[in-house]
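The values are calculated or read from the model by the stated rules, or taken from the named source; none is laboratory data. Keep in mind that what you see is a predicted model, and the values were worked out from it rather than measured. Every residue, glycine as well, gets a Cβ built from its backbone with ideal geometry; the counts of neighbours run over all protein chains shown.
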Amino acid sequence: MLTRLPPPNWLRAFEASARHLSFTGAARELNVTQSAVSQKVKALEQHLGHPLFHRLPQSLKLTALGEAYLPSVREGFLRLARGTQEVFGPSPSERLVIRAGATFAVTWLAENLPHFQALHPEIPLRVNTAVWPADHDWENIDADIRFGTGNWPRAQSFQVSHERLFPVSAPVLLDGRAAPTGIGDFEDHTVYHVSSNADLWPLWHECAAGEPNVDGGHARTVQMDTWAMAVQAAATGGGISLCFSSLWRHYKDKCELVKLPGPELETELAYYLVVPVHHKLSPSATLFADWLKDTMTEQEKTV
């Protein structure tokens, strides 16, 4: 009879692998190597004396015993998290409050935050959004996620992304025309600008080595407050927008946007985790910062 419980890290590797049906996906979530996850699951299977997965060429499939065991493992982690929270806190002061720009919050963060929650269910989390966070307004905020060059007054910044810039549009625009096939065609379409980064279209065209400027001729321009608005308007078929690589990942698998002809511009702009000067990150904020940087760095390899 089996009396010794398996180590929790083996069970965590099994649960994550079962959700992703992939050792690679579980490794990305747990911030370890694929081989480490595979070894932990194999150790668990040897401990239990039964296989939990069928190893397929490109994925995993739970065995009948794996399917039967998974609900108990998940419920065990949930009950442990709830019990810890009920008995030991947390107090309101221990809540992790992150403020993010609207574009980042509704795209990248909304898609990826559940992975952080699965890793750290013990951390109560609140996310506030802002178009332009005030440099002096840090009340009840542990950290900002900001887009810029990393230079903000009375703040220290930690870079978490590297960005490339390129033009995008819908495959077919609202007027029935296909996406532009050359830079010279841009001037025949509406171009979306973001107010806080008005210099980026001229900068991109300078990188494009003398191609026509979209601000000249008969180009129609529309000013937007956020990159989310500009890129979504382009995805709807209204015209052309510049797009950053981290934002592109939100759209690339949805077939709503295509990259247009021209260079991919390396920029000084990036996402940063920002905190007040001399402020020390709390343990929860440090965990979040490490997860944010590691996840964005891993995803940059796929763009």
Does GLY150 satisfy being surrounded by 15 or more Cβ atoms within 10 Å (Cβ to Cβ) and assigned to a loop (DSSP other than H, G, I, E, B)?
-> yes
Restricting attention to the stretch 3-36, report how many residues are charged (D, E, K, R), buried (at least 16 other Cβ atoms within 10 Å of the Cβ) and closer than 16 Å to THR63 by Cα.
-> 1
Residue selected from the stretch 52-62 under the condition modelled with pLDDT under 95 and in a loop (DSSP other than H, G, I, E, B), by the criterion nearest to PHE14 (Cα to Cα) = SER59
(1) closer than 14 Å to ALA16 by Cβ; (2) in contact (Cβ under 8 Å) with a residue 24 or more places away in the chain; (3) not β-branched (Val, Ile, Thr): which one isn't true of HIS47, the others all being true?
-> (1)
Kindly indicate which of HIS205, HIS115 is crowded, with 16+ Cβ neighbours inside 10 Å and either more than 21 Å from the chain's Cα centre (by Cα) or modelled with pLDDT under 90 (or both).
-> HIS205
Just a yes or no: is a residue in the stretch 234-243 in contact (Cβ under 8 Å) with a residue 12 or more places away in the chain, among the small types (Gly, Ala, Ser) and in a helix (DSSP H, G or I)?
-> yes
Answer yes or no: is there a residue in the stretch 227-241 that is at pLDDT 90 or above, polar (S, T, N, Q), surrounded by 17 or more Cβ atoms within 10 Å (Cβ to Cβ) and not assigned by TED's automatic domain parsing to the domain that holds PHE116.
-> yes
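Okay, residues lined up against (1) surrounded by fewer than 20 Cβ atoms within 10 Å (Cβ to Cβ); (2) within 30 Å of TYR272 (Cα to Cα); (3) not assigned by TED's automatic domain parsing to the domain that holds LEU287:
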{"residue": "ARG154", "(1), (2), (3)": "yes, yes, no"}
{"residue": "ALA170", "(1), (2), (3)": "no, yes, yes"}
{"residue": "GLY176", "(1), (2), (3)": "yes, no, yes"}
{"residue": "PRO180", "(1), (2), (3)": "no, no, yes"}
{"residue": "GLY184", "(1), (2), (3)": "yes, no, yes"}
{"residue": "GLU187", "(1), (2), (3)": "yes, no, yes"}
{"residue": "VAL194", "(1), (2), (3)": "no, yes, yes"}
On the given criteria, is TRP132 modelled with pLDDT under 90, surrounded by fewer than 14 Cβ atoms within 10 Å (Cβ to Cβ) and not aliphatic (A, V, I, L, M)?
-> yes
For ASN140, which of the numbered conditions (1) at pLDDT 90 or above; (2) polar (S, T, N, Q); (3) assigned to a loop (DSSP other than H, G, I, E, B) fails to hold?
-> (1)
What do you reckon, is SER72 over 28 Å from the mean Cα position of the chain (by Cα) and without any contact (Cβ under 8 Å) to a residue 24 or more places away in the chain?
-> yes
Applying the selection to the stretch 40-62, what residues are surrounded by 15 or more Cβ atoms within 10 Å (Cβ to Cβ) and under 32 Å from the mean Cα position of the chain (by Cα)?
-> LYS40, VAL41, LYS42, ALA43, LEU44, LEU52, PHE53, LEU60, LEU62
